[in-house]
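**Student:** Sharing a structure, written as C-alpha cells. Questions coming.
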Amino acid sequence: MPGLRRLLLLFFIASPLFAVGEDISQFYKNGMDAYKNGQYDLAIQEFESILSNNWDSSELYYNLGNAFFRSGNTAGAVWAFESCLKLSPTHSDAQYNLKLANLKVIDRMDLPEPPLYLKWYLSMKEQFTPSAWINITLFIFLLFSLFVTVNRIVFFSIVQNLRGVILTIFFISLFLTFHSIWTDNSLNLGVIYSLKAEVRSEPNTFSTRLFEVHEGLKVSINQLENNWVKIELLDGKTGWISNDQIRLIQ
C-alpha cells in the first residue's frame with residue numbers, strides 16, 4: 001500500500017506537468033500552422049502564449065521573429081532574433097534575418113570593423129553560450145588530469161608534450177569561459193518597442209528631453225528605477241525612457 005500511495009502521489013504531481021507540455025505543443029503547432037497560412041498575428045499570439053508559460057527555445061524565438069518580421073513589426077523581429085541568438089549564438093538563419101530586420105531600424109548604428117585578431121577572438125567566444133563554455137572547460141580539465149595520471153604511470157615523451165598543449169588550451173578556454181559569463185551577467189540589453197521614445201535626463205516626464213529613439217534599436221540597460229529605464233546607445237548617449245517602451249532581451 002505505501003508503494004501504491006507513492007505511485008499515486010507521483011502521478012498527481014506529474015499530471016500538471018504533462019498537461020502543460022501538451023498545451024505548449026499545441027500552442028507551437030497552432031503557431032506554425034497560422035504562420036504557414038499567412039496569419040502572422042495569430043502565429044505571434046500562439047508563440048507568445050508559450051513564452052507566458054515560461055517555456056522558451058532558440059527555435060521558438062526564431063519562428064516568432066519570422067512572424068513579427070512578416071507582420072511588419074520591426075521591433076518584435078529584432079527582439080526575437082536577438083533572443084534566439086542569445087540561446088544559440090551560431091544560429092545562422094537568425095543571424096541573417098536579424099541583419100534584414102536591422103535594415104529597417106531608423107537609428108541603427110554600425111560599429112567599425114574590429115582588428116582581425118579581436119574579430120577572431122569574439123567569433124570564438126560567441127560560438128557557445130556561457131554554460132557550454134563551462135562544460136568545455138571542465139572536459140579539457142578532466143582530459144588534462146587523465147594525461148597527468150597516465151604520465152605518472154608510464155612516461156612517454158608524446159604524453160608529456162600533449163599535456164603541455166592541453167594545459168595551454170585549458171587556460172584559453174578558462175579565460176573565454178570567464179569572459180563569456182561576465183558579459184552575460186553584466187550586459188543587460190533591450191530593444192526599443194514603441195514607434196518613438198523620448199529619452200529624458202531624469203526618470204520623470206518633467207525632465208529635459210535629450211533626444212529620441214525609434215523602434216527596433218538595441219540598447220544597453222544601465223539602471224532601473226520605478227517605471228523608468230536608463231539606456232545607453234552605442235555612441236555613448238544615455239538617458240531615461242519609460243519601461244513600457246522597451247523589451248528586455250531574454
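**Student:** Quick one: Cα centre-to-centre distance for the range 223-240 and the range 83-98, in angstrom?
**Tutor:** When both Cα centres are located, 25 Å separates them.
**Student:** Over all directions, the average projected area of the alpha-carbon convex hull for the range 116-186 comes to how many nm²? If you can, show how the numbers build up before the last one.
**Tutor:** Numbers: hull surface 21.0 nm².
Value for the range 116-186: 5.3 nm².
**Student:** Can I ask one more? Throw me the Rg/Rh for the range 189-239, computed over C-alpha atoms with Kirkwood Rh, two decimals.
**Tutor:** 0.91
**Student:** Something else: Mind checking which lysines have their Cα closer than 17 Å to the Cα of residue 86? Skip sequence neighbours fewer than 8 apart in that chain.
**Tutor:** By straight Cα distance, residue 86 reaches 99, 125, 218.
**Student:** Taking the Cα centre of the chain as origin and charging only Cβ (+1 Lys, Arg; -1 Asp, Glu), how large is the dipole, in debye to the nearest 20?
**Tutor:** On the way: 20 positive and 23 negative charges, 158 e Å.
Dipole magnitude for the chain comes out near 760 debye.
**Student:** Would you mind putting 48-54, 58-64 in packing order, based on average other-beta-carbon counts within 10 Å, highest first? Working shown, then result.
**Tutor:** On the way: 48-54: 14.3, 58-64: 21.4.
The most tightly packed comes first, giving 58-64, 48-54.
**Student:** What is the projected area of the convex hull of the Cα atoms of the chain, averaged over all directions, in nm²? Write down the numbers at each step before the final one.
**Tutor:** Values: hull surface 86.1 nm².
So the mean shadow area of the Cα hull is 21.5 nm².
**Student:** Oh, and also: By how many degrees, 0 to 90 and rounded to 10, does the Cα axis of helix 157-186 deviate from the longest principal axis of the chain?
**Tutor:** With both axes taken from Cα atoms, the answer is about 20 degrees.
**Student:** Further question on the same structure: Would you be so kind as to identify which of 38, 170, 188 lies farthest towards the positive end of the dipole of the chain, taking Lys and Arg as +1 and Asp and Glu as -1 on Cβ and the Cα centre as origin?
**Tutor:** It is 170.
All of the numbers you see were taken from the coordinates with simple rules; none came from a lab. On a predicted model such as this, the values are computed, not experimentally measured, just so you know. Neighbour counts run over all protein chains shown; Cβ positions are idealised from the backbone, glycine included.
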